[in-house]
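The structure under discussion appears below in the form of structure tokens.
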Amino acid sequence: MNILTNEKTDNGTTARISTSQRATIPEFFYSAGICHHRVAGRIFMEAVFMAAEDLSHLKNISRNIYAPIARRHGTTVGNVSKNMRDVRDTIMKHDGEALLAEMTGSRCWYAETPYPHEIIEVFARYVRDQKIPHDVL
């Protein structure tokens with residue numbers, strides 16, 4: 001399982017993703033600036049795991065992901081959407097471009113700020129590909 005770390009790679013750069021299993025999954029999210037104790041962080045993690053179960057949910061993220069989360073938390077889809085934007089902004093403040101580039105192998109994240117659903121998709125694919133269980137949070 002890959003997790004975020006600050007280990008040196010063979011070419012001398014700092015790798016934020018490693019094959020080490022030292023960190024827990026909440027630490028994986030935390031190292032990206034996402035705190036589990038904050039509502040927005042928990043909601044983001046829920047969205048990631050929902051998308052990881054079925055990536056087609058991202059085609060209509062408001063109906064397929066945000067609405068069920070809103071119902072569970074007794075809030076509105078608009079509030080969930082705002083929380084996703086807040087989390088996106090937090091990730092980008094914590095060197096998110098480099099993190100997303102490393103997770104995807106693409107440098108396109110440096111060009112412009114991604115939409116929240118794009119970040120959710122990157123994390124969901126990562127969680128799915130690493131077979132991270134949904135019950136760890």
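The values are calculated or read from the model by the stated rules, or taken from the named source; none is laboratory data. Just so it is clear, the model here is predicted, and its values are computed rather than measured. Note: ideal-geometry Cβ built from the backbone for every residue, glycine included; neighbour counts use all protein chains shown.
The condition (being surrounded by 15 or more Cβ atoms within 10 Å (Cβ to Cβ), within 18 Å of the chain's Cα centre (by Cα), at pLDDT 95 or above and within 15 Å of F123 (Cα to Cα)) is satisfied by just one residue among I65, I91, I69: I65. In summary, E46 fulfils each of the numbered conditions (1) modelled with pLDDT of 75 or more; (2) touching a His at 6+ places or on another chain (Cβ under 7 Å); (3) of a type outside the set (S, T, Y) with the single exception of condition (2). Residues being over 17 Å from the mean Cα position of the chain (by Cα) and at pLDDT 75 or above are entirely absent from the range 13-29.
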